[in-house]
Amino acid sequence: MINTLLICGGGSSEHEVSLRTADFIEGQLAESEDIALMRVEMDSSGCLTDKEGRVYHIFYDGKIRDEEGNAWKVDYVIPAIHGYPGETGDLQSQLDMYGIPYFGSAPEASKICFNKIKTKMWLSALGIDNTPYLFLHSLEAEELGKAHAALEEWEAVFVKASNQGSSVGCFKVSRKEDLEDAIAEAFTLSSYVLIEKALNARELEVAVYTFGEELIATHPGEVRAPADTFYTYKEKYASGSRAETFIKAEGLNEEQLAWIQEVSLRTFKALKLKDLSRIDFFLTEEGELYLNEVNTFPGMTPNSMFPKMMQNHGHDFTEYLTGQIRSSVAQSEN
């Protein structure tokens, strides 16, 4: 029996979405006869509790213990936490110290991809086209001047906190009188702020994952936000979301599809991602393609694209996840 610990929550702005992802994963593993699943929820202080309210701690010997000293050996961890400390690599660093294998990317890759500015620097270094941008390190006049110049040149920009996910801390600005307030708000969430050219573009998403020995990049899906907004946190996860999702984006030519697939696979390999990712692209009306974002632990809620795109590609998510667990544990034991 493989004792698998599912950790969700995390205490960040994406806490509730993490719980919904954990619900999905828990359901996928419910019928697995060789996988014993234990679910705990992490709060903002790092405290772990189960559904009955018992408090747990992970120890260096690879076991999780409650406050009465009862221990459960952990063979594998699914860190289903969006935002800090799951996607930031902090939790993975702890698991590496304890020698516990886990689902998803290692600490360094997680840190790079969760920081929007670092991601764009890496993409530029790899020669992969991404949206024109600059970043700010403070609210000083010189820094704000750069942002105003960018808005004047680009006519509309996105202001983004560099270390947030699911469009948290993301603001679209087209009026100069709104710019500094948006930047100040973004700085309350992150030490650095990204200023990115706003594009009138289609939003495409690709699921990239390892299945057995093969690295897969699916056909792009597409997300269409209402004309009066962009793909905000609310549009992603609210039950009344007006966004439309299409598991298979239509109207892409062979050259565009080939570029998206090649770049998706190259990004996954070059950034040393592991197990899974969702890689997002923009396609402008002029036919320009840009890589927008790399998500190392994509959402898995009823609205989420990753499991749907995997299924459309012909791979069952339960088979995929159980296979990853079994192979990872077998490798760790060798």
Above-threshold pairs, the threshold being 22 Å between Cα atoms, out of LYS248/LYS269; LYS73/LYS269; LYS118/LYS160; LYS118/LYS146: LYS248/LYS269; LYS73/LYS269
HIS313 accessible area, assembled protein chains, probe 1.4 Å, Å²: 80
Nearest-0.05 FRET efficiency for ASN70 and LYS248, computed from C-beta distance (R0 30 Å): 0.05
Where TYR192, TYR60, TYR102 fall by accessible area, highest first, once all protein chains stay in place (1.4 Å): TYR60, TYR192, TYR102
GLU33/ALA225 FRET efficiency (R0 41 Å; Cβ-Cβ; nearest 0.05): 0.45
Cα Rg, Dmax, the chain, angstrom units: 20.3, 63
GLU319 accessible area, assembled protein chains, probe 1.4 Å, Å²: 110
At 1.002 mPa s and 20 °C, Stokes diffusion of the stretch 59-125 via Kirkwood alpha-carbon radius, µm² per second: 163
Rounded percent of accessible protein surface that carbon and sulfur make up, the stretch 1-130, 1.4 Å probe: 49
Accessible area expressed per residue, the chain, with surrounding protein chains retained (probe 1.4 Å, Å²): 46
MRE, 222 nm, helices only [DSSP H, n ≥ 4, -39500 (n - 2.57), over the chain, to nearest 500]: -10500 deg cm²/dmol
Net charge dipole size for the chain [Lys, Arg +1 and Asp, Glu -1 on Cβ; Debye, nearest 20]: 260
Semi-axes of the equivalent ellipsoid for the stretch 141-191, Cα gyration tensor, largest first, Å: 18, 12, 9
The chain: antiparallel DSSP beta bridges as a percent of all, rounded to 5: 75
Contour excess over end-to-end distance, with Cα ends at LEU139 and GLU214 and 0.36 nm allotted per residue: 22.4 nm
Where HIS15, HIS57 fall by accessible area, highest first, once all protein chains stay in place (1.4 Å): HIS57, HIS15
Rg followed by Dmax, in Å, when the stretch 73-183 is reduced to its Cα trace: 17.6, 58
For the stretch 265-319, convex hull volume per residue from C-alpha positions, Å³: 113
log₁₀ of I(q)/I(0) at q = 0.09, 0.16, 0.17 Å⁻¹ - the stretch 175-334, Debye sum with one point per alpha carbon: -0.36, -1.02, -1.12
Rounded accessible area of TRP122 (nearest 10 Å², 1.4 Å probe): 110
Taking only Cα atoms of the stretch 1-127, radius of gyration then Dmax in Å: 15.3, 54
Enclosed volume per residue, in Å³, of the convex hull spanned by Cα atoms of the stretch 23-64: 95
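The values are calculated or read from the model by the stated rules, or taken from the named source; none is laboratory data. This is a predicted model, so every value here is computed, not measured. FYI the Cβ positions are ideal-geometry reconstructions off the backbone, even for glycines, and counts take in every protein chain you see. Surface areas here come from the heavy atoms of the whole protein model, side chains and all, with no ligands, DNA or RNA. Shrake-Rupley method; radii C 1.70, N 1.55, O 1.52, S 1.80 Å.
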